[in-house]
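> What follows is a structure written as C-alpha cells; I'll ask about it next.
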Amino acid sequence: MAQAVAVIGGGIMGSGIAQVLARHGYEVRVREISEELAEKARDRLVSGSFGLDDAVDGGHLTPDERDATLDRLTFTTDLEAATQGTEFVIEAVTEKLAVKGKVFRELDAVTDDQPLYSNTSGFSVTAIANAVSDPSRVAVTHFFNPVPVMSLVEIVRAPETDDAVIERATELADELDKTAVVIDDDPGSYGFIANRCYGAMRREAQRIVDEGIATEEQVDTALEEGYNLPVGPFSLRGIGEEWD
C-alpha cells in the first residue's frame, strides 16, 4: 500500500509538490480551505502549466500513468482527514509568517509525531516551529518553482530539529529525483541560499539601472548571455520576492 502524505495548500507550489509526490507513488492528500480552491488545485495540477497533461503531451508520462497518478490524489477541506495516518506533512500555504504560524498551530492539534515540513522560501525554521509543542519535528523543504521541472530542494534545520526529520527529507529528495542541500537555520535573515544570492544580484542590477549605466533589458541580456542564466533578474521579478 502506498504511503500517505499530506500537502497543505494547493496553490502553484502545493499542487506542484503534490503532483511530484503522486507521480512517485505516494498517496497524496491535498488540503485547501474551501471546495472552490480544492477544485482549482486539482485543475491546476492536471491542466495547468507543467501539470499532468503537459507531462503527457511532452512524452514524460503515458495517459495510463497520468490516470494512475490522479488516482493517488485526493482533495479535501478537512485538515484532520488530510493528515490522519500520514508519514509526513508538507505545508505550502501563502508566504506570510502569520498564516504559516496559524497552519502549524492547527497541525499541532491534529497530528501525532510525524515530521512537519514547510515549503517557505525563506522564513526561519525556528520562527515556524514556535507554533508547535514539539519543534524537533519541524524543518523546511523548500522546493523551487515549477516543482515538476526544477531539481533543487533546500532543506533547512533548526538546532532543535531531530536528525531523523532531516534524514527523511533528504531521502525524500532522492526519491523524487531532486538535488538536496542541507543547511542550518539563520533566524536573522530571509532567503536561505539561492534566494539570498538572487536578492543580492537583483539589488545590484537595480542599482545599475538607477545609475543610468544600462536598461533593464540590457542587464537581463548581459546576465543571460554572459552567465548563461535562463532568465535575467528583471524578467524574473515579482515572483514571491521578499528582501530586507
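> Could you give the dipole magnitude of segment 34-112 about its Cα centre, charging the beta-carbon of Lys and Arg +1 and that of Asp and Glu -1, in debye to the nearest 20?
On the way: 9 positive and 19 negative charges, 80 e Å.
Computed charge dipole of segment 34-112: roughly 380 debye.
> Using the Cα centre of the chain as the reference point, and only Cβ charges (+1 on K/R, -1 on D/E), how large is the resulting charge dipole? Debye, rounded to the nearest 20.
Here the chain has a charge dipole of around 320 debye.
> Find which of Phe50, Ser34, Val125 sits farthest along the positive direction of the dipole of segment 22-163, computed with +1 on the beta-carbon of Lys and Arg, -1 on that of Asp and Glu, about the Cα centre.
Selected residue: Val125.
> At 4 °C and 1.567 mPa s, what whole-number value in µm²/s does Stokes-Einstein give for the translational diffusion of segment 74-150, with Rh from the Kirkwood sum over Cα pairs?
For these conditions, the coefficient is 101 µm²/s.
> Let me ask you something else. Hey, what's segment 124-244 come to in accessible area per residue, 1.4 Å probe, Å²?
Result: 53 Å² of accessible area for each residue.
> Could you work out what % of the accessible surface of segment 154-244 is carbon and sulfur, using a 1.4 angstrom probe and leaving DNA, RNA and ligands out of the count?
Roughly 49 percent of what the probe reaches on segment 154-244 is carbon or sulfur.
> Accessible area per residue, 1.4 Å probe, Å², for segment 68-120: what's the number?
It amounts to 44 Å² per residue over segment 68-120.
> Of the beta bridges DSSP finds with both residues in the chain, what % are antiparallel, to the nearest 5? Numbers along the way, then the final one.
Working: 4 of 28 bridges.
For the chain, the DSSP antiparallel bridge percentage is about 15.
> Looking only at segment 98-184, where both bridge partners belong to it, what percent of the DSSP beta bridges are antiparallel (to the nearest 5)?
30
> Taking every pair of distinct Cα atoms and averaging 1/r, then inverting, what Kirkwood hydrodynamic radius in Å comes out for segment 1-139? Could the numbers behind the result be given before it?
Details: mean 1/r = 0.0662 Å⁻¹.
With all distinct Cα pairs of segment 1-139 included, I get 15.1 Å.
> In nm, to one decimal, how far is the modelled label at Arg203 from the one at Asp163, with both set 7 Å along Cα→Cβ?
Here the answer is 3.7 nm between the modelled labels.
> Determine the share of segment 5-58's accessible area contributed by carbon and sulfur atoms, expressed in whole percent, with a 1.4 angstrom probe.
About 48 percent, which is the carbon plus sulfur part of the accessible surface.
> Can you put Asp185, Asp78 in order of accessible area, largest first, using a 1.4 Å probe? Don't skip to the answer; put the middle values down first.
Working: Asp185 25, Asp78 75 Å².
Greatest to least solvent exposure: Asp78, Asp185.
> Still on this structure, I have one more. Between the helical axis of 163-175 and the dominant principal axis of the chain, each derived from Cα atoms, what acute angle in degrees is found, rounded to the nearest 10?
80
> With the Cα gyration tensor of segment 149-215 giving a ≥ b ≥ c as the square roots of its eigenvalues, does the rule (a/c under 1.5 for rounded; else a/b larger than b/c for prolate; else oblate) give rounded, prolate or oblate? Mind showing how you got there, number by number?
Numbers: a/c = 7.12, a/b = 2.07, b/c = 3.45.
Oblate, because a/c is 1.5 or more while a/b does not exceed b/c.
> Tally up the carbon and sulfur contribution to the accessible surface of segment 61-110 as a whole percent, 1.4 Å probe, everything protein left in place.
Numbers: 1230 of 2490 Å².
For segment 61-110, the apolar C and S fraction of the accessible surface comes to 50 percent.
> Ok, one more. What shape does segment 10-53 take by its C-alpha gyration tensor, where a ≥ b ≥ c are the square roots of the eigenvalues and a/c under 1.5 counts as rounded, a/b above b/c as prolate, and the rest as oblate?
On the way: a/c = 2.07, a/b = 1.26, b/c = 1.64.
Verdict is oblate for segment 10-53.
> Calculate for the chain the 222 nm mean residue ellipticity that helices alone would give, adding -39,500 (n - 2.57) per DSSP H run of length 4 or more and normalising by residue count, nearest 500 deg cm²/dmol.
That comes out to -13000 deg cm²/dmol.
> Helix 35-47 against the longest principal axis of the chain: what's the angle in degrees, Cα atoms only, rounded to the nearest 10?
The two axes meet at around 70 degrees.
The values are calculated or read from the model by the stated rules, or taken from the named source; none is laboratory data. Only a predicted model underlies this, so the values are computations on that prediction, with no experimental measurement involved. Note that each Cβ is placed from the backbone with ideal geometry, even for glycine, and that neighbours are counted across all protein chains shown. The protein model used for the area step is the full one, side chains on, heavy atoms only, and it has no ligands, DNA or RNA in it. Shrake-Rupley method; radii C 1.70, N 1.55, O 1.52, S 1.80 Å.
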